[in-house]
Amino acid sequence: MRRIIGGLLGILGVFLVVAWLRYRIPMNKSVVIEREVIFKVIDLGFDDFFRCQFESLFFHRRLCVVDANGNQQAFFVREKDFAKCWKNSPFKLKELNKTLVVNLQIRPLYFGGYGIAKVKHIEMIAKSPIIRK
């Protein structure tokens, strides 16, 4: 029984070390981008399940935005920043014909992807919000 528990704790430790190295080593430069928010009512994070589980340990949430090509792109932000974007219900925003545009400061990671994004500014614009389930 001790060997099983020790083995499971060892596997968990290796998982955390590998994930920490993969998702925390940034490149030198940071970039500020401006993107429109996509309101995902139910976000299970199946497209990047491993990273979603790792970031949830540190109270980070996925913020989905529209990239330059019109596709969905997800960044992880602190829970306080995520709450700022969801201050108003997306359905109420739809009634008002308003949506949010965020300025994010992001840092590319050494092994690909982006690190934790910082929300610099949130602006409400006159446009119908993108709501996905």
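Numbers for the structure displayed
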item: Loop-resident sites, region 48-122, for trypsin sites (Lys or Arg not before Pro), counting at most 16 other Cβ within 10 Å (DSSP); result: 87, 98
item: Extended-chain gain in nm, criterion 0.36 nm per residue less alpha-carbon gap, residue 132 and residue 8; result: 40.9 nm
item: Residue of 112, 45, 13 that the Gaussian network model of the chain assigns the largest fluctuation, springs spanning Cα pairs under 10 Å; result: 13
item: Sequence-separation-based contact order of region 2-132, relative, with Cα cut under 8 Å and 6+ spacing, percent; result: 32
item: Summed side-chain charge close to residue 40 - residues other than residue 40 whose Cβ falls under 10 Å, Lys, Arg +1, Asp, Glu -1; result: +2
item: Rounded FRET efficiency, nearest 0.05, which uses the C-beta distance separating residue 57 from residue 83 and R0 of 25 Å; result: 0.85
item: Value of [θ]222 nm, deg cm²/dmol, for the chain, DSSP H segments ≥ 4, -39500 (n - 2.57) each, nearest 500; result: -10500 deg cm²/dmol
item: Crossing angle, helix 2-24 versus the chain [Cα axis fit, 0-90 degrees, rounded to tens]; result: 40
item: Which labelled figure in [x] 19.1, 63; [y] 19.6, 57; [z] 17.2, 61 is Rg and Dmax of the Cα atoms in Å, once derived from the coordinates; result: [z]
item: Spin-label model distance (nm) - residue 92 vs residue 105, 7 Å beyond Cα toward Cβ; result: 3.0
item: Charge tally in the Cβ shell below 13 Å around residue 78, where Lys, Arg are +1 and Asp, Glu are -1, residue 78 excluded; result: +3
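Read-outs: derived from the displayed coordinates by stated rules, not from any lab. No experiment lies behind these values; they were computed from the predicted model shown. For neighbour counting, all protein chains shown are included, and Cβ atoms are generated from backbone atoms with ideal geometry for every residue, glycine included.
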